Amino acid sequence: MTTIVYIDPDGLRHDVPAEAGSTVMAVAVKSGVPGIVAECGGSLSCASCHVYVEPEWIDVVGAAADELELEMLDGALAELEPGSRLSCQVPVTEEMDGLVVRVPADQI
Amino acid sequence: MAVSLRELGHAGPITLVGAEAHAPYQRPPLSKAYLKREATSESLSLREETFWPKQQIELRLGVRVHEVDLGRGRARTALGGELAFDRLALTTGARVRRLTLPGAELDNVLYLRSLDDADHLAAALSAAERIVVVGGGFIGLEAAAAARSKGKQVTLVEALPRLIMRAVAPVVSEFYLQAHRRRGTRIMLSEAVTHLEGREGRVTGVQLASGAFLHADLVLVGIGIVPRTELAESAGLEVRDGIVVDRCARTSDPRVVAAGDCTVFPSPMAPHDMVRLESVQNAVDQAKVAAATLMDQPSEYAATPWFWSDQDDLKLQIAGLSNGFDDVVLRGEPLEERFTAVYFQGDRLLAADCVNRAADYVTIRRALSQGATVRRDGLDDLSVPLKSLVVMP
C-alpha cells in the first residue's frame, strides 16, 4: 500500500493510504485533507488542487511539464515553486510511497 | 455545506439528508467521462465512506424530506420520520425540465441529472444506434459528443436559433455549431419537437414542427433544470424561480440558509440583478458563505463565477458572467478551435469564454477577482500578451 504524506496549511501531517490509479488530489480530497479544494474535480479548470512536491521527491513525481497544466498553474493563487504541481495531474504510483507534499495556504 | 461547518469549527450535530441513495458525488463527469465509461462510480464520490462518521456528519441517504415546520424546528420525511433542527440549510438543487408532449413517456426517452440517470443512459447508449438529443445547451452538447465518440449517429435539435443561447454570444454559438458538425453530429436549429413516436412502448422517432421526422432508438432530453423550491415554499420562505437568498445566503427566515442550484440571489457581478447560477463553483462558494452565516460569521458572496464544459477535445472555460454584455472581442480564430471571446459592458470587463486557451482563462479570472478590466486596444491581436492588457482598478 502506498502512503502519501500531506503537510496541511497549519503544518499538520496527514499520512493517507493511496491506491495506484488514483491521483494525489483524489486521495487527499476523499480523506478530507484540509486545503486541497479541487473544485473542478480534476478537469484542469480551477487550479485549486495546487501542491508543493518536496524537493527530494521532484525527480520521482516529475516537475510540471504539460502545457495545459503549466497554463493552469499560472492561475494558482499561491506562489509557484519548483515542486508546484496540480495534484489532479499526478497519478499515484508505487514509487511514490512516502511522497511528501505541502499544501499551500491559499487555493481559491 | 456540512464540510464547511466543521472547518469553521461547528462542534454540534450535523445531519445531511438526501433523497438519492448515493453518498454525495460529483455531477459534472456524468455527462463527460462517466458517460463514456472512462470513470468509475467510485471516482465520483466526494469523500470516502469513513470521512462522514469521522467528521461526525450523519448521512441520511435515500430519505426525502417533504415538509418543513420552521415553528417547531422539525423536518418530516416521506416515510413519516421527523428530524429536529435549530438551523436549516436547503441545498435541494434542481430537477430536470421534462418534455410534456405526446410520446414523452415512451421508453428510451432519457434525461441526465443523477448517477442513476447516467447509468441508465450509458447502458441504453451502448445498445442504441440512432440518437436524437433534444436541447442544444451544455448537457445536450456534452452528451452528443460522448455518444458520437462511441460511434453513434447523433442528431441534435434545438428550439432556439442558436446553441447555448442562454450563456454565450452568437460567435461562440456559431463556433460550436460548426465544430460539432465537423465532427459528424447533425444539428438542427429553430426546430421544435411536436411529438415522439414509438412502437411497443419504446421510442422510434421524433416529429419536428417543421415537418421533418427523425428516426431514433434513443432520445436524450437536455432542456434545462428547474430549481427544487417545494420545501422552501411549504416552509413559507420567499421563492421566485428559486429560493430567494441574500448575499450571505440567508433566506427570508433567519433560521434558514440555502445554496446552489436551488437559489436565486444578487449576482456577484451586478448586485441589482438576481441570478440563478447552475455551476459547481456556485454550489461550493455559496455553500461556504451559507456555512459562515450559520456560524454567525457572515461574509458576503464575492467569488468570481466560473464554469467549464468539455466536449471532445474542445475545452471551454468561462470566467465571469456575460449577462448584459454590449460588446464581444475575439482573440484567436474559432476555425482553429482555439480562441477567446471577451465580453464587455461599456468599459467594464464582464467575462471571457475561452476555448482551448487556458492561459487566457486564468488571466481573465484573476483580473475579474481583482476588479480589473482589460484594454481593448490590441485585445484582438494574439501577438499582444493578454496579461499586458490588464488594467488594475
Practice task
Can you give me the number of residues within segment B:46-94 that are within 19 Å of residue B:7 (Cβ to Cβ) and either within 14 Å of chain A (Cβ to nearest Cβ) or out of contact with any Gly (no Cβ under 6 Å at 6 or more places or on another chain) (or both)?
Solution key: 15
Practice task
Check segment B:62-74 and report whether any residue there is over 26 Å from the mean Cα position of the chain (by Cα), of a type in the set (Gly, Ala, Ser) and under 30 Å from residue A:88 (Cα atoms).
Solution key: no
Practice task
For segment A:1-52, enumerate the residues that are of a type in the set (Val, Ile, Thr), assigned to a loop (DSSP other than H, G, I, E, B) and touching a strand residue (DSSP E or B) at 6+ places or on another chain (Cβ under 6 Å).
Solution key: A:33
Problem - Meets criteria (in contact with a Pro (Cβ under 9 Å, 6 or more places away or on another chain), under 30 Å from residue B:38 (Cα atoms) and either in a helix (DSSP H, G or I) or within 12 Å of chain A (Cβ to nearest Cβ) (or both)) for residue B:319 - result: yes
Exercise for the section: Please report, ordered by residue number, the strands (runs of 3 or more DSSP E) entirely within segment B:106-193 with at least 2 residues that are touching a residue at least 40 places away in the same chain (Cβ under 8 Å) and β-branched (Val, Ile, Thr). Expected result: B:130-134, B:153-157
Problem - Residue in segment B:306-313 that is part of a loop (DSSP other than H, G, I, E, B), crowded, with 19+ Cβ neighbours inside 10 Å and not charged (D, E, K, R) present - result: no
Practice task
Select from segment B:336-361 the residues that are under 18 Å from residue B:383 (Cα atoms) and outside any strand (DSSP E or B) and write down the one among them that is farthest from the chain's Cα centre (by Cα).
Solution key: B:336
Handout entry: Flag if residue B:17 is among the β-branched types (Val, Ile, Thr), assigned to a strand (DSSP E or B) and under 29 Å from residue B:224 (Cβ atoms)
Key = yes
Practice task
Please enumerate the residues belonging to segment B:23-63 that are among the aliphatic types (A, V, I, L, M), closer than 19 Å to residue B:282 by Cα, assigned to a loop (DSSP other than H, G, I, E, B) and in contact (Cβ under 8 Å) with a residue 60 or more places away in the chain.
Solution key: none
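Each reported figure results from applying straightforward, stated rules to the coordinates on display, with no laboratory input. Quantities reported herein were computed from a predicted structural model and do not represent experimental measurements. Note that each Cβ is placed from the backbone with ideal geometry, even for glycine, and that neighbours are counted across all protein chains shown.
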